[in-house]
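Some notes on the structure that comes next.
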Ligand SMILES: C[S@@+](CC[C@H](N)C(=O)[O-])C[C@H]1O[C@@H](n2cnc3c(N)ncnc32)[C@H](O)[C@@H]1O
Ligand code: SF4
């Protein structure tokens, strides 16, 4: 049929039932990691069987299908994206979409441990800015939070990234009684090196063997305390993400707050998340998901994939509803952040 052929050449862009256009895809390329951060993973995690994973070629094909459907920004995450074997092949192949203008940005979120090895190659693939997660500058605390990580390696990774010309944004999870007093030092350090800093509220994802209530620190409190010491000026800066930014007048740098629990940012959500097994989550905070692996493997063309994506986007929920309080001690969602991709 004439119409069908036209539709398969130019698949429709993705617009959800609430009129939000989907232009941002985050892909968890592995659920594995060389760290075991206390808020993200239990110490003894069981990971997905390797046989369930999409190959790098399949990940490329799915990402490219999303780009045809209107995705302009692509972030690889995990788990730790840079521990997936052969990951630079995927960055390299996806960079063709930057070169031909189909994609505005290719980026990643990383714990930084592998950046000494890969920073230069990432820059060479057209990556301009990256997010590095770092919650403390104290080596002992760093070890306690990440269980397996070494602060020196991450700092060397950040050095390597900056030396390669990558812009670095630091993400820090605010943890009650752990790094709450250190946030001013993190601000001074990050801004002193020309890096934005974003603080994130702990989200109740996955059983990590610790009580969330013990970890949870509302950012409204963090902000109020910072305001006693710094002049925080609200600014309009948006990165297409959920962070709200202020300028810290004393340092001149930008500070972002991501507050999934105390503030809802779903109205402007433009993103969906793909796991390394080809499961598409339309919302980080909801269970509903769509399998894209079966349609991907069912034929060589992408029409089945486009149709499955359209079905999924039509079910994108209006928002999420995380709660941490004394009556809700179990995780709001059973899956860990490392599965969906943070
Ligand atoms: C899941 S990690 C994946 C990428 C990479 N391994 C890293 O740490 O940057 C992405 C981000 O999610 C954050 N994160 C993990 N679990 C979280 C939770 N329960 N609540 C809030 N943020 C979380 C991490 O701090 C990190 O900044
Ligand atoms: S937050 Fe990132 S580095 Fe830490 S355990 Fe999770 S995936 Fe690994």
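The values are calculated or read from the model by the stated rules, or taken from the named source; none is laboratory data. All figures in this text were calculated on a predicted structure; none of them were measured in a lab. Virtual Cβ from ideal backbone geometry, glycine too; neighbours counted across all protein chains shown.
A few points about this structure:
- Qualifying residue in the range 162-174 (condition: surrounded by 16 or more Cβ atoms within 10 Å (Cβ to Cβ) and out of contact with any helix residue (DSSP H, G or I) (no Cβ under 9 Å at 6 or more places or on another chain)): yes
- Residues in the range 167-181 that are more than 13 Å from residue 129 (Cβ to Cβ) and either more than 15 Å from ligand 2 (Cβ to nearest atom) or under 17 Å from the mean Cα position of the chain (by Cα) (or both): 172, 173, 174, 176, 177, 180, 181.
- Some residue of the range 256-269 being more than 23 Å from the chain's Cα centre (by Cα), in a helix (DSSP H, G or I) and modelled with pLDDT under 85: no
- Note on the range 49-69: residues that are at pLDDT 95 or above, outside any helix (DSSP H, G or I) and farther than 19 Å from residue 313 by Cα total 3.
- Residues that are surrounded by fewer than 20 Cβ atoms within 10 Å (Cβ to Cβ) and part of a loop (DSSP other than H, G, I, E, B) were ranked within the range 136-150; the one that is farthest from the chain's Cα centre (by Cα) is 138.
- Of the set (1) buried (at least 18 other Cβ atoms within 10 Å of the Cβ); (2) more than 13 Å from ligand 2 (Cβ to nearest atom); (3) closer than 26 Å to residue 172 by Cα, all apply to residue 20 but (3).
- Pair list, Cβ < 9 Å and 6+ apart or interchain, from the range 35-54 residues that are more than 17 Å from residue 141 (Cβ to Cβ) and away from ligand 2 (no atom under 11 Å from the Cβ) to residues that are modelled with pLDDT under 90 and in a loop (DSSP other than H, G, I, E, B): 44/209
- When 275, 340 are screened for being modelled with pLDDT of 80 or more and under 20 Å from residue 109 (Cβ atoms), only 275 passes.
- Residues satisfying the criterion are present in the range 35-48 (criterion: away from ligand 1 (no atom under 16 Å from the Cβ), more than 27 Å from residue 310 (Cβ to Cβ) and at pLDDT below 95).
Residue-wise test of (1) within 12 Å of ligand 1 (Cβ to nearest atom); (2) outside any loop (DSSP other than H, G, I, E, B); (3) at pLDDT 95 or above; (4) within 16 Å of the chain's Cα centre (by Cα).
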residue	(1), (2), (3), (4)
152	no, yes, yes, no
165	no, no, yes, no
185	no, yes, yes, no
194	no, no, yes, no
208	yes, no, no, no
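- Among the strands (runs of 3 or more DSSP E) confined to the range 70-135, the ones with at least 3 residues that are touching a residue at least 40 places away in the same chain (Cβ under 8 Å) are located at 73-77, 129-133.
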